[in-house]
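The values are calculated or read from the model by the stated rules, or taken from the named source; none is laboratory data. Remember, predicted model here, so these are calculated numbers, not experimental data. Cβ sites come from the backbone with ideal geometry, for glycine too, and all protein chains shown count toward neighbours. Note: areas computed on protein heavy atoms with side chains; ligands, DNA, RNA excluded. Shrake-Rupley method; radii C 1.70, N 1.55, O 1.52, S 1.80 Å.
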Amino acid sequence: MFEPPPPPPPPPSLLFLFFFFFFISSITGADAIAVFKEAPQFYNSPDCPLVVTGEENGNRLCSYDGIHVAMTLDTAYIRGSMAAVLSVLQHSTCPQNVIFHFVSSASANASDLRATISSSFPYLKFQIYPFDDDAVSRLISTSIRSALDCPLNYARSYLADLLPLCVRRVVYLDSDLILVDDIANLANTPLNDAVLAAPEYCNANFTYYFTPTFWSNPSLSLTFANRNPCYFNTGVMVIDLARWRLGDFTSKIEEWMELQKRIRIYELGSLPPFMLVFAGNIAPVDHRWNQHGLGGDNFRGLCRDLHPGPVSLLHWSGKGKPWARLDANRPCPLDALWVPYDLLQTPFSLES
């Protein structure tokens, strides 16, 4: 019986496309960690102070002269986190003095996360802290965007409990930003008597961040009596952890979250409790340190321009993230500023 010859193999170009899309799908799975390139090593300038790290629970984390940076870490945003870390180191005068404190979900694979960081930054001083999702999940109310309901989004409220006592001041950074200036200038912000510092935006409509139920109840709205509260974005903060611990501000934030479970007083995730506790009592930071909103609003994530003035930090807060828009081939013009810090290993870079 005549048997037809087997079909010819696909041309090399089609084979490449197949493996390319297989690669992309494999690294964008919910639980997969992408592969990243190794970043260049950055060295201190000659006039940097010598930072000697001590021992705290067996980890070299304690240094009063170092710059401590806290970030969250998960598979969904790790591409942004890697870019943020690279930007911090690249623009720092004393990059070897920067110590990173990453907070990840207790259910995450910390070994994989640690290996990912170490492979791209083998010289980095860092530690990963497990965050108990269940402890905060019971306090979280649904907000206007599901990403804001992630328990890890609330980890910034627990830094004083998670980080070693030897860490007295920390710069908290979101994962969807890059620095284009020396982080030491931000870390050295004078706090005076305040617990935290952040850029304030007093032209924003502060009443928008709380519901009519909140404003119509005098016992609630009087929270801001004798204060001049302004909106501030919690994605970039300088925090005095020693004062935070002394004032037990985590408990104060949790009290507002517990009230929110009974009475709907806000809609925006982890931000309103921070403002209820701190708005009007924070140290100011120049707006250049949080050019926020580049991800658009919380619904459509449309492109936005920079705010007027100088820029030290670009922040894609909002729905649109630069890596997602680039992958979808729908980038905004300012997303091009994020690209040089993207360490994602692509099939093209694997060939080189």
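Return the long-range amide H neighbours of Cys230 (sequence gap of 5 or more, or a different chain), with a cut-off of under 5 Å between placed amide H atoms. Amide H neighbours of Cys230: Gly280. Listed by chain and number, the lysines whose alpha-carbon sits under 29 Å from that of Lys319, ignoring those within fewer than 8 places in the same chain, are Lys37, Lys252, Lys261.
For the peptides 200-206, 231-237, 43-49, 261-267, what is the packing order when you average, over each peptide's residues, the other Cβ atoms within 10 Å and list the highest mean first? Let's see the in-between values first.
Working: 200-206: 13.4, 231-237: 22.4, 43-49: 10.9, 261-267: 15.4.
Averaged packing, sorted descending, gives the order 231-237, 261-267, 200-206, 43-49.
Taking amide H as placed 1.01 Å from N in the peptide plane, Val103 has its amide H under 5 Å from the amide H of Met71, Thr72, Leu73, Tyr129, each at least 5 places away in sequence or on another chain.
For the stretch 67-341, the relative contact order is 21 percent, taking Cα pairs closer than 8 Å that sit 6 or more residues apart in sequence and dividing their mean separation by the residue count. Computed over neighbours whose Cβ is under 11 Å from that of Trp323, the net charge equals -1, Lys and Arg +1, Asp and Glu -1.
Each of the peptides 117-124, 321-328 was scored by the mean count of other Cβ atoms within 10 Å over its residues; in descending order, highest first, they stand as 321-328, 117-124.
The apolar share of the surface of the stretch 67-341, taken as the fraction of accessible area on carbon and sulfur atoms (1.4 Å probe, ligands and nucleic acids excluded), comes to 51 percent. Here's how it looks for Leu313: its modeled amide H is under 5 Å from those of Val180, Asn290, Gln291, which are all 5 or more places away or on a different chain.
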